[in-house]
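To keep things clear, I will list the structure first and then write my remarks on it.
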Amino acid sequence: MSQRYGRFITVEGGEGAGKSINLDYIRSLIEAAGHPVLFTREPGGTPLGEEVRELLLGHRHTGMADDAELLLMFAARAEHIARCIRPALERGQWVLCDRFTDATYAYQGGGRGLSEARIATLEQWVQGGLRPDLTLLLDLPVEIGLSRAGVRSEPDRFEREQAAFFQRVREAYLRIAEAHPARVTVIDAAPGLERVQAQIDRAMHGFLSG
Ligand code: Z5A
């Protein structure tokens, strides 16, 4: 008997890109097309991963070494893939994930300056051949993202970074999109929600009917 296999969709973006609100929208499009979908996030998605998330985003370890941060991201990811993502895909469920390894290239690679080769080694080790089928990158100028995100009350460990860090994150994301045009669709997240979601409609329509 041939095995069913779901599709793996990730959503990425810098600070204040509007991931939360647009993830709900993307989920509704997938469900409306009749696909069972598992919604999850990184870092996190499992009990162990959520504990690692607290270590990564909280303020108990503000001076964490960059390599420790990178390895914790992949430790959480290994658990997430083994317990959650792979089993769901193998059951034929679709998986919609709020951030994945592109975020590691963008934040730990672009933002912190860790080498891409080192990240690629961990990616291959932890994921084997698993890569998203579709990635929607919500892109917007850093100033707009920071002013949108600024409305939030308590910034996490990443949100305390300066604009130059987020500019490097944005540039790294755009390099990924350029290198993987078949997988990554860039959504201009700067205009109002209606126009952002019209672009998402187009990207998802092509994917859902493809
Ligand atoms: N991280 C990492 O470093 N390495 C990794 O490998 C991974 C993650 C996987 C947690 O991520 C942190 O982990 C993240 C990167 C790091 N750090 N940062 N920064 P997260 O995804 O949980 O946290 P987040 O980036 O802070 O995202 P968020 O809170 O889920 O959402 P958002 O995209 O930043 O924005 P939002 O809350 O959906 O929207 C912000 C505001 O803008 C809100 O008031 C909206 O109503 C408004 N908004 C949204 N869209 C619009 C439009 N179109 N017009 C006007 N206003 C809008």
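One table, with the values for the structure above:
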{"read-out": "R60 being over 21 Å from V184 (Cβ atoms), charged (D, E, K, R) and at pLDDT below 95", "value": "yes"}
{"read-out": "Residue tally, condition more than 10 Å from the chain's Cα centre (by Cα) and either near the ligand (Cβ under 9 Å from one of its atoms) or among the polar types (S, T, N, Q) (or both), over segment 8-24", "value": "8"}
{"read-out": "Breaking point among (1) within 13 Å of the ligand (Cβ to nearest atom); (2) within 24 Å of A17 (Cα to Cα); (3) not in a loop (DSSP other than H, G, I, E, B), for L114", "value": "(3)"}
{"read-out": "Answer from Q127, Q162 - the residue that is modelled with pLDDT under 95, of a type outside the set (D, E) and more than 11 Å from the ligand (Cβ to nearest atom)", "value": "Q162"}
{"read-out": "Scan of segment 130-159 for residues that are at pLDDT 95 or above and part of a loop (DSSP other than H, G, I, E, B), ordered by number", "value": "L130, R131, P132, D133, L140, P141"}
{"read-out": "Selection count, segment 152-186, where residues are open to solvent by less than 40 Å² (accessible area, probe 1.4 Å) and touching a residue at least 60 places away in the same chain (Cβ under 8 Å)", "value": "9"}
{"read-out": "Selection status of F74, of a type in the set (F, W, Y), within 19 Å of I176 (Cα to Cα), free of Cβ contacts under 8 Å to residues at least 60 places away in the same chain and buried (at least 18 other Cβ atoms within 10 Å of the Cβ)", "value": "yes"}
{"read-out": "L29 vs. criteria within 11 Å of the ligand (Cβ to nearest atom) and either aliphatic (A, V, I, L, M) or part of a helix (DSSP H, G or I) (or both)", "value": "no"}
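The values are calculated or read from the model by the stated rules, or taken from the named source; none is laboratory data. Not measured: the values here are computed from a predicted model. Neighbour counts run over all protein chains shown; Cβ positions are idealised from the backbone, glycine included. What goes into the accessible areas is simple: the full protein's heavy atoms, side chains included, and nothing from ligands, DNA or RNA. Shrake-Rupley method; radii C 1.70, N 1.55, O 1.52, S 1.80 Å.
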